[in-house]
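Worksheet for the structure shown next.
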Amino acid sequence: MMRLVVACLLGLLCIAPAFAADTRAIPATAPYASSQPIDTPRLFGEGTISTPDDEFGGQFNRDGSVLFFNKSVPRSQLYTIFQSRYTNGAWSTPEVSAFSGIWRDFDATLAPDGERLFFVSDRPRADGVARSSYDIWSVQRRGSGWGDPENLGAPINGDRWSAHFASAASDGSLYFTSDRPGRLGGIDVWRARRVGDAYAEPENLGSAINGPEWTNLEAIVAPDQSFLIVSAYGHADTLGDSDLYVSFQRDGVWQPLQNLGAGINSAARDYSPRLTPDGRYLMFASERGLPVDPHPSAWTYRDFTAAIRSVRNGLGNLYIVDLAVALKNARASSQP
Amino acid sequence: MRRSSIAPKVITATTVLLCRRDWPGIGMARIAYRRRFSAACRLCCVGAWLLLTAAPSIAKEEANSVVAELVGENVISTPDDEFGSAISADGASLYFTKRSPTTNTSPRSFICVSRRRGADWGEPQIASFSGRYNDFGAALSRDGRHLFFASDRPIDAAQPQVPGNIHIWTTELEHGAWATPKSLGAPVNGEAIDANPSLAADGTLYFASNRAGGKGGFDLYRARWLDGKYAEPENLAAINSAAYESQPAIAPDQSFIVFTSIGRDDALTGSGAPYPRADLYVSFNHDGNWTPPRHLAPPINSPASDSNPALSPDGRWLYFSSERGFAEIPMPQRMSAREFETRLHSVRNGWNNIYRVPIEAIHAIGNAVDGAVQP
């Protein structure tokens, strides 16, 4: 019922959040919200956020006034988290986030209560020893800013594996991806339940999600854990490179991953899923454009160079689409 | 890291030839692709530092006086991704590959050519035979009349392109223009990927392939030109390893070969999560035997990927490509967003550029190797 009320307040066209979002402190008109349905992926912040550079990992803060996102330097030479503030009706020129800029940092995700931001980094732990793998870190919200990065520690991080991409559910459970021992595929999705102020030993989500042929680089969980959106390599039904997949949890059992389909995925790399804090939108990154668009005639040097330097040059951009639209086909075909 | 179907496997394999991304081949799941790292590669860092700090050889001293010179800054080497060089016999034309950017999606790549304008290079054009299918890695015959390259174009132009189906093609100058390219066919081109042609003076073709029977990943092969056709390719077994070897640059007299390898213990890598990076190596032909490959010291190799060696026809220069840029782990200091953007849009942003060093850098190593062999 609450969902419907919120939906009406937002002036939505009968598109309710896809899960029971905790809507406290979310303004009725978040800066990313649209009064019209977004039923096909829409390039987000063209020219300011989505540029000819490589962007991915778009994560809004609780009230939607700040967008965290990543830029990369070619060939994984550096990953840096940026942020932009919605000011006077526009997204401001992005700044380097205070906790980033020295090591490789990426994939900021916000806990459902908005109080903690998780990210992945190869920075040294407290012992100062250089790392050769990735750990999950987090920062706690402090007023309008964020505290110092804290390593999540064991049992999430370890010395013999990388932990990637964490996302937290409302009950504190942490979903993350890792090549830790016991995996079924290249990189698997794991869940660590929150017990008191610690994480329990991570559990592998099992063969509906993880498999020998699959590499699950990222997995974002709905706050109520009713579904999980995964960016996966290696599925036979991929539209090309990595695609976004969804699994619904039914009676405590994760259902097989389903491709979100051609309405969302493309022949290029589609990845880096996020849910907006109000649960209305799916944000993701895609490399659609130059490398997969048909070109009817032979390229000229000037045309090719111009395309290489355009927003849709094949590097990542952020896209936003109604979550209900993104999940519609999969939800319909997953009904028992 | 696309491992479920045949086509993605092939595309993954091509990344090695292109040195395009640090994505692993099949069976190399432990080696990093984006935001991945290889436990095996942790050792590489140690090896690299040992090499840098504990090898006071003649070759190192010679190499330290070498300067890597950027070729055609802002004309050939731009903020975009350029690599692979083939210089015409008269030195007036430089063929290279320009590729669209990506983190993992298969990019577009075309062979371009720039002509000398006095001391400078003129605005490049896409070569007349390129611009439609993915082409890369041009090499010229000694007389400059034959150009070899790798392409995923269909054998039959009426057939659709099969992504990742990459083989070696050749075109010939006819009345000053390049003729329609032809596939080299068997026995050079086979069922697997064949690419990275390089030609010796006697017509022997050196190339890279991941065909069955190799030592792992991509290997270097040699096909002699005998009686007007190519003999069955031979695996350069003394040079190849379980790591990736590709992109040969053969000396005209076949006295040495410079090539690219990924995953050898002595590769230079940076700090933080290790990503596999290509480095350049040289081997010398001693009475028909290839000497153990030698890693080329900085400033030829760097912690970034260094690849695509080529020799100038006048024998004076080693050309190569490098992704050396502004970023290192850790960064010496936090940059402002403005500075980050400025550097990211500069020529040295981390995409490949084309460099050259005097060939003496190779000869110095050859002399050192000779000294070791013949004391």
Point to revise | Theoretical ellipticity at 222 nm over the protein assembly as shown - DSSP helices of four or more residues, -39500 (n - 2.57) apiece, nearest 500 | key: -3500 deg cm²/dmol
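Once fully extended, how much extra length lies between A:THR93 and A:GLU201, figured as 0.36 nm per residue of separation less the alpha-carbon to alpha-carbon distance? Don't skip to the end; give the middle numbers.
Working: separation 108, 0.36 × 108 = 38.88 nm, distance 4.13 nm.
Between A:THR93 and A:GLU201, full extension yields an extra 34.8 nm.
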Review point. Which whole-number value in Å³ per residue fits the convex hull of the alpha carbons of the stretch B:75-143?
Key: 85 Å³
Check your understanding: Which percent of Cα-Cα pairs in the protein assembly as shown sits in each 20 Å bin, short to long?
Key -> 18, 50, 27, 5, 0
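For the stretch B:278-375, count all C-alpha to C-alpha pairs, find those more than 25 Å apart, and express that count as a whole percent of the total. Before the final figure, lay out the partial values.
On the way: 1631 of 4753 pairs.
Percent of Cα pairs beyond 25 Å in the stretch B:278-375: 34.
Apply the Kirkwood formula to the stretch A:118-225: the hydrodynamic radius equals the inverse of the mean of 1/r over all pairs of different alpha-carbon atoms; give it in Å with one decimal. All intermediate terms of the calculation are to be shown ahead of the outcome.
Working: mean 1/r = 0.0698 Å⁻¹.
About 14.3 Å, per the Kirkwood formula over Cα pairs.
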Study note, to complete from the structure: In nm², the average projected area of the convex hull spanned by the Cα atoms of chain A is 18.2 nm²
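Please list the equivalent ellipsoid semi-axes of the stretch A:52-159, computed as the square roots of five times the alpha-carbon gyration tensor eigenvalues, in descending order and whole angstrom. Spell out each step's value before the answer.
Numbers: eigenvalues 113, 61, 22 Å².
In descending order, the three semi-axes are 24, 17, 11 Å.
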Review point. P(r) of the stretch B:210-350 in 5 Å steps, Cα pairs, percent per bin?
Key: 2, 9, 16, 18, 18, 13, 9, 6, 5, 3, 1, 1, 0
Check your understanding: Could you give the semi-axes, largest first, of the ellipsoid that matches the stretch A:152-288, computed as the square roots of 5 times the alpha carbon gyration tensor eigenvalues and rounded to whole Å?
Key -> 23, 17, 13
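How big is the C-alpha Rg of the stretch B:136-200 next to the rule-of-thumb value 2.2 N^0.38 Å, as a ratio?
Numbers: Rg = 11.9 Å, N = 65, 2.2 N^0.38 = 10.7 Å.
Normalised Rg, Cα atoms only: 1.11.
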Check your understanding: In the neighborhood of B:ASP80, defined by Cβ-to-Cβ distances under 11 Å, what is the net charge if each Lys or Arg adds +1 and each Asp or Glu adds -1?
Key -> +1
Review point. So which residue, out of A:ARG141, A:ARG302, A:ARG274, gets the largest mean-square fluctuation from a GNM of chain A using Cα contacts under 10 Å as springs?
Key: A:ARG302
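What is the stretch B:188-287's relative contact order, in percent, from Cα pairs under 8 angstrom and six or more apart in sequence? Each step should come with its number before you reach the end.
Numbers: 219 pairs, mean separation 21.6, N = 100.
Relative CO of the stretch B:188-287 lands at 22 percent.
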**Study point:** Separation of alpha-carbon centers, the stretch A:264-330 and the stretch A:103-125, rounded to whole Å
**Key:** 24 Å
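How big is the Kirkwood radius of the stretch B:118-254, worked out from every pair of different alpha carbons and given in Å to one decimal? Before the final figure, lay out the partial values.
Numbers: mean 1/r = 0.0637 Å⁻¹.
Over the stretch B:118-254, the inverse of the mean reciprocal pair distance is 15.7 Å.
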Exercise for review: Please work out the Cα center distance from the stretch B:110-158 to the stretch B:261-279, rounded to the nearest Å.
Suggested key: 30 Å
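Read the figures in this text as sums done on the coordinates, not as results from a lab. This structure is a prediction, so every number in the text was calculated from the model and none was measured. A quick note on method: Cβ atoms are made from the backbone with ideal geometry, for glycine too, and the neighbour counts reach across all protein chains shown.
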